[in-house]
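Remarks on the structure that follows.
The values are calculated or read from the model by the stated rules, or taken from the named source; none is laboratory data. Bear in mind that the values here come from a model prediction, so they are computed numbers and not experimental data. Here Cβ is always computed from backbone atoms with ideal geometry, including for glycine, and neighbour counts include all displayed protein chains.
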Amino acid sequence: MRRVVDPHAAVKGSPFLDATLAGTWFEQRFGDPIVFGLQGGAYFGGAVRLALRLEMPSKSATDSFGYDYDSPQVATNYFHRNSTAASLLYGASLGVVAASGEGFVFAPGVVFQRSDVEDYGTMLGIAMPFEWVTRRGLRFGMEVDLGRAFGGTVRYTCQSDCSVGPTFSGDRGAGRAFALRFQMGFGFNHPGKP
């Protein structure tokens, strides 16, 4: 008997739950090549993809703010004090299904991400998720996120000859942001085999 192919089977495997492995880099904030997490989401009407995620960076996600040695803060003996290392990342991506089939979905959109440390601000950018879905609903995918990290705070401590007090805070400059994420999971309600 010939198998009947559902041309939109991949987006019907919804909601979905995935384990993720990512590498992230947020300029003037932190970078980490090994970030583990969970992602849950759904396809709505076969046209919109929403994914929510929680991720845990390794101990490498420490403050990598680089200051300018010619800046007024450094010239007046104020030095950057590292912010607490990020221990949790949370965010979401919202996209529009641009291509889908029996076993593949591409839904580019926007991505938002923050950490549990307010000093690092927010990342906002574009998301390009590529997902492959088997006949049994198993999911494999890759997502590339490109954008900007902005907001946040930098704290300075005086070493000697303090002109404005022992400590003060300044704005953390905007910078480039990048994430590469691999995922594996399962889509519920998948049409499967006829």
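With respect to F186, determine if the residue is farther than 18 Å from R29 by Cα and either crowded, with 21+ Cβ neighbours inside 10 Å or at pLDDT 95 or above (or both). Spell out the reasoning first.
On the way: farther than 18 Å from R29 by Cα: yes; either crowded, with 21+ Cβ neighbours inside 10 Å or at pLDDT 95 or above (or both): yes.
Criteria met by F186.
Taking the stretch 35-53 as the range and being more than 15 Å from G91 (Cβ to Cβ) and touching a residue at least 40 places away in the same chain (Cβ under 8 Å) as the test, the residues that pass are Y43, G46, A47, V48. From the list G46, G37, the lone residue that is within 22 Å of V110 (Cβ to Cβ), more than 16 Å from the chain's Cα centre (by Cα) and modelled with pLDDT of 90 or more is G46.
If you go through the stretch 105-119 and pick out every residue that is within 13 Å of the chain's Cα centre (by Cα) and either buried (at least 20 other Cβ atoms within 10 Å of the Cβ) or among the basic types (K, R) (or both), you end up with 4.
Residues of the stretch 3-44 being in contact with a helix residue (DSSP H, G or I) (Cβ under 8 Å, 6 or more places away or on another chain) and farther than 27 Å from R135 by Cβ, which ones?
Of the stretch 3-44, the ones in contact with a helix residue (DSSP H, G or I) (Cβ under 8 Å, 6 or more places away or on another chain) are 6, 26, 29-30, 43.
Those that are in contact with a helix residue (DSSP H, G or I) (Cβ under 8 Å, 6 or more places away or on another chain) and farther than 27 Å from R135 by Cβ: F26, R29, F30.
In the condition set (1) surrounded by fewer than 17 Cβ atoms within 10 Å (Cβ to Cβ); (2) over 17 Å from the mean Cα position of the chain (by Cα); (3) farther than 19 Å from G41 by Cα, L146 is compliant with all but (2). Hey, any hits in the stretch 57-75 for a residue that's at pLDDT 90 or above and within 19 Å of the chain's Cα centre (by Cα)? Looking for residues that are at pLDDT 90 or above and within 19 Å of the chain's Cα centre (by Cα), one finds at least one in the stretch 57-75, hence yes.
Could you tell me whether R172 is basic (K, R), crowded, with 16+ Cβ neighbours inside 10 Å, over 19 Å from V11 (Cβ atoms) and over 17 Å from the mean Cα position of the chain (by Cα)? Considered against the rule, which asks whether it is basic (K, R), crowded, with 16+ Cβ neighbours inside 10 Å, over 19 Å from V11 (Cβ atoms) and over 17 Å from the mean Cα position of the chain (by Cα), R172 comes out as yes.
Within the stretch 123-143, which residues are assigned to a strand (DSSP E or B) and basic (K, R)?
Pass one, the stretch 123-143, residues assigned to a strand (DSSP E or B): 123-133, 138-143.
R139, the sole residue that qualifies.
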